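The values are calculated or read from the model by the stated rules, or taken from the named source; none is laboratory data. All values derive from a computational prediction rather than experimental measurement. Cβ placement follows ideal geometry from the backbone for every residue including glycine, while neighbour counts extend to all protein chains displayed.
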(Lines give C-alpha, C1' and ligand atoms only; values in the text may rest on other atoms or scores of the structure.)
Protein backbone atom coordinates (compact mmCIF):
# COMPACT_ATOMS: atom_id res chain seq x y z
CA UNK A 1 0.00 0.00 0.00
CA UNK A 2 1.08 3.38 -0.71
CA UNK A 3 1.63 6.15 1.72
CA UNK A 4 -1.32 8.01 0.29
CA UNK A 5 -3.65 5.12 0.87
CA UNK A 6 -2.27 4.67 4.38
CA UNK A 7 -2.85 8.36 5.03
CA UNK A 8 -6.39 8.12 3.67
CA UNK A 9 -7.04 5.04 5.78
CA UNK A 10 -5.68 6.78 8.82
CA UNK A 11 -7.79 9.85 8.08
CA UNK A 12 -10.87 7.68 7.54
CA UNK A 13 -10.26 5.86 10.85
CA UNK A 14 -9.86 9.18 12.65
CA UNK A 15 -13.01 10.53 11.00
CA UNK A 16 -14.93 7.40 11.99
CA UNK A 17 -13.62 7.67 15.55
CA UNK A 18 -14.52 11.38 15.64
CA UNK A 19 -18.01 10.59 14.27
CA UNK A 20 -18.45 7.88 16.93
CA UNK A 21 -17.34 10.30 19.64
CA UNK A 22 -19.63 12.97 18.24
CA UNK A 23 -22.54 10.52 18.08
CA UNK A 24 -21.83 9.35 21.64
CA UNK A 25 -21.73 12.93 22.87
CA UNK A 26 -24.99 13.77 21.07
CA UNK A 27 -26.58 10.60 22.46
CA UNK A 28 -25.59 11.68 25.98
CA UNK A 29 -27.10 15.10 25.33
CA UNK A 30 -30.32 13.46 24.08
CA UNK A 31 -30.44 11.37 27.24
CA UNK A 32 -29.92 14.53 29.31
CA UNK A 33 -32.70 16.30 27.38
CA UNK A 34 -35.05 13.35 27.92
CA UNK A 35 -34.27 13.38 31.65
CA UNK A 36 -34.85 17.13 31.78
CA UNK A 37 -38.16 16.73 29.89
CA UNK A 38 -39.22 13.99 32.33
CA UNK A 39 -38.34 16.23 35.28
CA UNK A 40 -40.24 19.20 33.79
CA UNK A 41 -43.31 17.04 33.14
CA UNK A 42 -43.14 15.55 36.63
CA UNK A 43 -42.77 18.98 38.23
CA UNK A 44 -45.59 20.37 36.10
CA UNK A 45 -47.84 17.48 37.08
CA UNK A 46 -47.06 18.05 40.77
CA UNK A 47 -47.67 21.79 40.38
CA UNK A 48 -51.02 21.17 38.66
CA UNK A 49 -52.11 18.78 41.41
CA UNK A 50 -51.00 21.21 44.14
CA UNK A 51 -52.91 24.07 42.45
CA UNK A 52 -56.06 21.96 42.03
CA UNK A 53 -55.90 20.86 45.67
CA UNK A 54 -55.21 24.40 46.91
CA UNK A 55 -58.02 25.99 44.90
CA UNK A 56 -60.40 23.17 45.81
CA UNK A 57 -59.69 23.91 49.49
CA UNK A 58 -60.18 27.65 48.86
CA UNK A 59 -63.48 27.00 47.08
CA UNK A 60 -64.69 24.80 49.93
CA UNK A 61 -63.72 27.44 52.51
CA UNK A 62 -65.35 30.24 50.49
CA UNK A 63 -68.47 28.14 50.02
CA UNK A 64 -68.66 27.47 53.77
CA UNK A 65 -68.22 31.18 54.53
CA UNK A 66 -70.88 32.18 52.00
CA UNK A 67 -73.26 29.52 53.30
CA UNK A 68 -72.72 30.66 56.90
CA UNK A 69 -73.29 34.29 55.89
CA UNK A 70 -76.44 33.37 54.00
CA UNK A 71 -77.74 31.44 57.02
CA UNK A 72 -77.03 34.42 59.30
CA UNK A 73 -78.84 36.83 56.96
CA UNK A 74 -81.80 34.47 56.63
CA UNK A 75 -82.01 34.26 60.43
CA UNK A 76 -82.03 38.07 60.59
CA UNK A 77 -84.86 38.21 58.04
CA UNK A 78 -86.80 35.62 60.06
CA UNK A 79 -86.37 37.67 63.24
CA UNK A 80 -87.43 40.90 61.51
CA UNK A 81 -90.44 39.14 60.02
CA UNK A 82 -91.49 37.76 63.41
CA UNK A 83 -91.14 41.19 65.04
CA UNK A 84 -93.07 42.85 62.21
CA UNK A 85 -95.89 40.31 62.05
CA UNK A 86 -96.65 40.26 65.80
CA UNK A 87 -98.42 43.66 65.88
CA UNK A 88 -100.38 42.64 62.78
CA UNK A 89 -101.42 39.38 64.45
CA UNK A 90 -102.44 41.29 67.59
CA UNK A 91 -104.49 43.70 65.50
CA UNK A 92 -106.12 40.84 63.62
CA UNK A 93 -107.10 39.13 66.89
CA UNK A 94 -108.63 42.35 68.18
CA UNK A 95 -110.60 42.89 64.96
CA UNK A 96 -111.76 39.26 64.86
CA UNK A 97 -112.93 39.57 68.47
CA UNK A 98 -114.86 42.73 67.54
CA UNK A 99 -116.42 40.99 64.52
CA UNK A 100 -117.50 38.12 66.76
CA UNK A 101 -119.10 40.52 69.25
CA UNK A 102 -120.84 42.41 66.43
CA UNK A 103 -122.17 39.14 64.95
CA UNK A 104 -123.51 38.07 68.33
CA UNK A 105 -125.10 41.48 68.87
CA UNK A 106 -126.70 41.39 65.40
CA UNK A 107 -128.20 37.97 66.06
CA UNK A 108 -129.64 39.12 69.38
CA UNK A 109 -131.01 42.35 67.86
CA UNK A 110 -132.64 40.53 64.94
CA UNK A 111 -134.09 37.96 67.35
CA UNK A 112 -135.47 40.78 69.53
CA UNK A 113 -137.17 42.34 66.50
CA UNK A 114 -138.78 39.03 65.51
CA UNK A 115 -140.15 38.07 68.91
CA UNK A 116 -143.73 38.55 70.03
CA UNK A 117 -145.07 41.75 71.60
CA UNK A 118 -144.97 40.38 75.12
CA UNK A 119 -141.25 39.61 74.95
CA UNK A 120 -140.26 42.44 72.62
CA UNK A 121 -139.82 45.14 75.26
CA UNK A 122 -137.75 42.87 77.50
CA UNK A 123 -135.58 41.56 74.61
CA UNK A 124 -135.07 45.03 73.11
CA UNK A 125 -134.09 46.38 76.54
CA UNK A 126 -131.62 43.54 77.06
CA UNK A 127 -130.24 44.06 73.55
CA UNK A 128 -129.80 47.80 74.09
CA UNK A 129 -127.99 47.24 77.40
CA UNK A 130 -125.69 44.72 75.80
CA UNK A 131 -125.00 47.04 72.87
CA UNK A 132 -124.07 49.84 75.25
CA UNK A 133 -121.87 47.49 77.24
CA UNK A 134 -119.99 46.15 74.22
CA UNK A 135 -119.41 49.63 72.81
CA UNK A 136 -119.19 48.84 69.13
CA UNK A 137 -116.69 51.59 68.53
CA UNK A 138 -114.33 50.51 71.31
CA UNK A 139 -111.97 48.59 69.01
CA UNK A 140 -111.39 51.73 66.94
CA UNK A 141 -109.77 53.33 69.98
CA UNK A 142 -107.25 50.48 70.09
CA UNK A 143 -106.55 50.50 66.37
CA UNK A 144 -106.50 54.24 65.74
CA UNK A 145 -105.49 56.01 68.98
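Just one residue in the set 49, 17 is assigned to a helix (DSSP H, G or I), within 43 Å of the chain's Cα centre (by Cα) and either in contact (Cβ under 8 Å) with a residue 40 or more places away in the chain or surrounded by 10 or more Cβ atoms within 10 Å (Cβ to Cβ) (or both); that residue is 49. Taking residues in region 91-110 that are within 13 Å of residue 126 (Cα to Cα), and partners anywhere that are outside any helix (DSSP H, G or I), the pairs with Cβ atoms closer than 9 Å and at least 6 places apart or on different chains are 105/136. Scanning region 121-141 for residues being out of contact with any helix residue (DSSP H, G or I) (no Cβ under 6 Å at 6 or more places or on another chain) and either modelled with pLDDT under 75 or outside any helix (DSSP H, G or I) (or both) gives a total of 7.
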